[in-house]
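Asker: Dumping the structure here so I can ask a few things about it.
The values are calculated or read from the model by the stated rules, or taken from the named source; none is laboratory data. Treat the numbers as computed from the prediction; the structure is a model and nothing was measured. So basically every Cβ, Gly included, is an ideal-geometry build from the backbone, and we count neighbours across all protein chains shown.
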Amino acid sequence: MRAVAVVLVVLIAAVIPPVLVVNAFRVLATDTFVRFELDRIPPDLYGFTEDQRQALALTGLRSIRPGSEGVALLERATLPNGSPAFEERELTHMRDVRRLFGAALRLQLVVLVALAALAIALARTRLRTVVPTGLLAGALATLAVALLAVPIILLGFDGFFTRFHEVFFEGNSWRFSTADTLIRLYPERFWQDVSRLAAAIAVGQAILLAPLAWWWRRAARRQAA
């Protein structure tokens, strides 16, 4: 029984950091954030007005959302001169991004449902403390990962950005020139801010989750006694 409890706690702790990170991206993958961020970064060097850049950037965001028309939105998008806004390599990359983002959202939902079901199933057993213990361990693990990741994001963003794309995307499919539409819409400054805010939101969730999980664990122990 103890071995089962340990395994479950470790599994729960392992999935909590990515769940919190996906929550952060749910917050950031919104029209409100994109508008806010584009207002903060320098103007486009190649001629987009602020309205044009914002309209295309929001179209790019909506193309990756589940339930939208997807990359078809980008295939129809045009530049002010009437030419296609995105080249085939950019469209291919955005298809990959849409698949990755959709898979992350679906997997997160599966994990949350599984955690809820596990908590209900164990509520009246000797393993009732497993879920809150796992949540507490996961919150602390998130904070530990943040201690390692945040300095890298702040001091070595280029390396972090490259490693991330090498893990999740094939070859050089994600590399574009500064004149390509995707980079003009979402320059490095945009992704620096996204990374920092995602880390901050994940840490904030962990800070809230830790005392809640501790309280739940304590209450479960009292009930068991």
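Asker: Just wondering, is there one or more residues in segment 141-148 that are modelled with pLDDT of 90 or more and closer than 23 Å to residue 44 by Cα?
Answerer: No, segment 141-148 contains no residue that is modelled with pLDDT of 90 or more and closer than 23 Å to residue 44 by Cα.
Asker: Could you count how many residues in segment 184-225 are over 17 Å from the mean Cα position of the chain (by Cα), of a type outside the set (Gly, Ala, Ser) and surrounded by 17 or more Cβ atoms within 10 Å (Cβ to Cβ)?
Answerer: Qualifying residue count, segment 184-225: 5.
Asker: Among the candidates 195, 173, single out the residue that is of a type in the set (Ser, Thr, Tyr), outside any helix (DSSP H, G or I) and in contact with a helix residue (DSSP H, G or I) (Cβ under 7 Å, 6 or more places away or on another chain).
Answerer: 173
Asker: Within segment 116-135, can you find the residues that are of a type outside the set (D, E, K, R), buried (at least 17 other Cβ atoms within 10 Å of the Cβ) and either assigned to a loop (DSSP other than H, G, I, E, B) or out of contact with any Leu (no Cβ under 8 Å at 6 or more places or on another chain) (or both)?
Answerer: Within segment 116-135, 119, 122, 127, 129, 132, 133 meet the criteria.
Asker: Taking into account only those residues within segment 144-170 that are among the small types (Gly, Ala, Ser) and in a helix (DSSP H, G or I), which is farthest from residue 33 (Cα to Cα)?
Answerer: The extreme case among them is 144.
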